[in-house]
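Following: one structure in structure tokens, then a few remarks.
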Amino acid sequence: MLAFDDIQHILLTRVPALTGRYEFLSFRNAAAGRAWVAAIREKVQSAQQARASVETNKRWVSVAFTWNGLRALGLNVASLATFPEEFRQGMTARAEILGDTGANHPDTWVGGLASPELHAIVILFARDAVERERSRSEHQKLIAQLNGVTVLSSLDLEATPPFDYAHDHFGYRDRLSQPIIEGSGEEPTPGSGAPLKPGEFILGYPDEDGPPANLPQPEILSRNGSYMAYRRLQEHVGAFRDFLRQHGRTPEEQELVAAKLMGRWRSGAPLVLAPDKDDPALGADMQRNNDFNYKEMDPHGYAVPLGSHCRRMNPRDTAANMNRRRMIRRGATYGTHLPDDASEDGVERGIAAFVICASLIRQFEFAQNVWANDKNFHELGNERDPIIGNQDGTLEYKIPKRPIRKKITGLPAFTRARGGAYFFLPGLKALRYLATLGDGRQS
Amino acid sequence: MTDTAQQRDWSRPAATAIPKEGYLKLEQGRYGPLYPRTPACHGFTIIAKVKPGREQAVRDYGKSIEAAVAGDPHCLEVLKLHYLRWVLFEIKGDTYFMYQGIFDTDFDKYTEDAVALFSKTGITTVFVNLEGFPEDWRTNVPAFIKFMRDHQRPSFLEYGEYPWVSADEIKKALRVKAALSDMLDQMQ
């Protein structure tokens, strides 16, 4: 049985937010940090609370901490040492593994995210801009009362039009393929596989291999918690649209090029099921839009290129141990929408997303390292993920096609990492534990 | 991440001399420095001391792998192997085990996949017969990988007569050859 009343809502629920805001905090002293945790804890909803009030609530709050943040709150050395190595090191130290080199290097990140002074994130999802502003101002008052908590930076979230379905600035429909947790009460859509053991995403529960092991101590701190990899990915919408125009003469051809990069049409319709022509009704139908595999239905990649984003991020039946590599994705878009007929305006826009998993090294880092950035994924030789891989203009992209494949050389970068961090997302009881730490004297 | 910056020429035999530390350039992998892909692909040479009295258990394990592969020829497919060579030898009365594998995934992924494979099949691993192997290997992948890394003896020379070619590519080429030969048969 999952402790719905202890698990932060972001882990188990999607809320109907059209906007929101992330604030990145630094604790100048432990007492102020703990006072902040004690105060913000009152605002953080559990999964149970969020589910019970999803229709009436206007805003939802989550909080998480970096390893430096846990230390700044006064967690003792012995406890700090029980966290896994990759979390202790933090995302910046893992840059090479993640493909954060060149233009994506942490030295170029914004908002102080690469700084060891980054201690916590508070995530606000809000129904509308009025509620966001109200919450922002309330939080500002709280910070002002506490002598020793500073806001390093913040990021306002904006959904992109049209608002009737979730999609990114490139126009790709999102939230189509999410793992389902056993005992969460949710049913997997056809093709999504069986529900996964909770321990793949929530600490303290059995995972696909059995009982959990080597969890951070004390148990109250780790139980019902998880890890979150935050990624702020700028989307170069102008460059993306230029690319489509360069490789497709008609709007239909351009749509096909966009689909071939992703593995789905921008409507969400999977290329495996709709290889030649978009099918928006299929894209919007959750009972059908995830019901496919690759090994039997598209082994050579004639529908979905072997190196496409979908095929790399979820190889389905073409990879081993898939149940140990799944991740929960949350987040939103930021920045203004670039109208279809407008040229690139130089304004930063993109995705500010979280990957939630029980093991950063086994799930998130594996996906970044082996799936997104391995040039030789599926024997492709000289490719990386065309959407989120580290692209420096020297790589290619191959689109299988009879009789002869199409090879695009010098693929440009459509995204750029502008920030990121590893956070620990505690349960509500663990938040109370953190709020009442006694300057490193706790056992 | 394997680096195949340029399409390499399989028709030109190649050799790479590797410095003592085991890599040409320090690149961080998930569990430590990345061991390079060479003209002879990825691979490792693990050498560790066998626990006293366990030599026969190690030999028997060879038989159980033989039986497993005979039963399901694709049971090791996930490891992307070219070859395995297992050797037992003695130094001053102690028995040592050498596990040499040539494969196409990187070192850390191979080890992760191997742990998953052993756990899934319920069979144990030959490593339980080796000194210093972590008792909690089933649930502690990082400890398993650390054991592998601690006992890895990097090559100082690797050579490929048909360099940089993966097992999948070799199989593809052989399938093409078979298909071509079948096609020619049909035209007789």
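The values are calculated or read from the model by the stated rules, or taken from the named source; none is laboratory data. All of these numbers come straight from a predicted model, not from anything done at the bench. Cβ: placed from backbone, ideal geometry, glycine included. Neighbour counts: every protein chain shown. Ligands, DNA and RNA are excluded from the accessible area calculation, which covers all protein heavy atoms including side chains. Shrake-Rupley method; radii C 1.70, N 1.55, O 1.52, S 1.80 Å.
Numbers for the structure displayed
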quantity: Those helices (runs of 4 or more DSSP H) lying entirely in the range A:213-279 with at least 3 residues open to solvent by 50 Å² or more (accessible area, probe 1.4 Å); calculated: A:237-247, A:251-262
quantity: Options A:85, A:55, A:117: the member that is within 14 Å of another protein chain (Cβ to nearest Cβ) and open to solvent by 20 Å² or more (accessible area, probe 1.4 Å); calculated: A:85
quantity: Residue within the range B:9-20 that is open to solvent by 50 Å² or more (accessible area, probe 1.4 Å), within 14 Å of chain A (Cβ to nearest Cβ) and at pLDDT below 90 present; calculated: yes
quantity: Within the range A:381-410, tally of residues that are open to solvent by less than 20 Å² (accessible area, probe 1.4 Å), hydrophobic (A, V, I, L, M, F, W, C) and under 22 Å from the mean Cα position of the chain (by Cα); calculated: 1
quantity: Test: residue in the range B:153-170 that is within 15 Å of the chain's Cα centre (by Cα), acidic (Asp, Glu) and modelled with pLDDT under 90; calculated: no
quantity: Residues being more than 14 Å from every other protein chain (Cβ to nearest Cβ) and open to solvent by 10 Å² or more (accessible area, probe 1.4 Å) - total across the range A:334-358; calculated: 16
quantity: Long-range neighbours under 6 Å by Cβ, at least six apart or interchain, first residue closer than 18 Å to residue A:389 by Cβ within the range A:218-241, second among the acidic types (Asp, Glu); calculated: A:234/A:348
quantity: Condition check for residue A:194: farther than 30 Å from residue A:256 by Cα, open to solvent by 60 Å² or more (accessible area, probe 1.4 Å) and not in a helix (DSSP H, G or I); calculated: yes
quantity: The range B:149-175 residues that are within 14 Å of chain A (Cβ to nearest Cβ), paired with ones that are assigned to a loop (DSSP other than H, G, I, E, B) and β-branched (Val, Ile, Thr) (beta carbon under 9 Å, 6 or more apart); calculated: B:164/B:4; B:173/B:165
quantity: Among (1) surrounded by 22 or more Cβ atoms within 10 Å (Cβ to Cβ); (2) more than 10 Å from chain B (Cβ to nearest Cβ) - the single one residue A:373 does not satisfy; calculated: (2)
quantity: Residue within the range A:171-190 that is open to solvent by less than 20 Å² (accessible area, probe 1.4 Å) and within 14 Å of another protein chain (Cβ to nearest Cβ) present; calculated: no
quantity: Verdict on residue B:120 being basic (Lys, Arg) and out of contact with any Ser or Thr (no Cβ under 8 Å at 6 or more places or on another chain); calculated: yes
quantity: The range B:11-24, residues that are farther than 14 Å from residue B:154 by Cβ and assigned to a loop (DSSP other than H, G, I, E, B); calculated: B:11, B:12, B:13
quantity: Residue check for residue A:427: surrounded by 20 or more Cβ atoms within 10 Å (Cβ to Cβ), more than 14 Å from the chain's Cα centre (by Cα), within 11 Å of chain B (Cβ to nearest Cβ) and among the small types (Gly, Ala, Ser); calculated: no
quantity: Qualifying residues in the range A:358-380 (those that are outside any helix (DSSP H, G or I) and farther than 29 Å from residue A:237 by Cβ) - the one farthest from the chain's Cα centre (by Cα); calculated: A:376
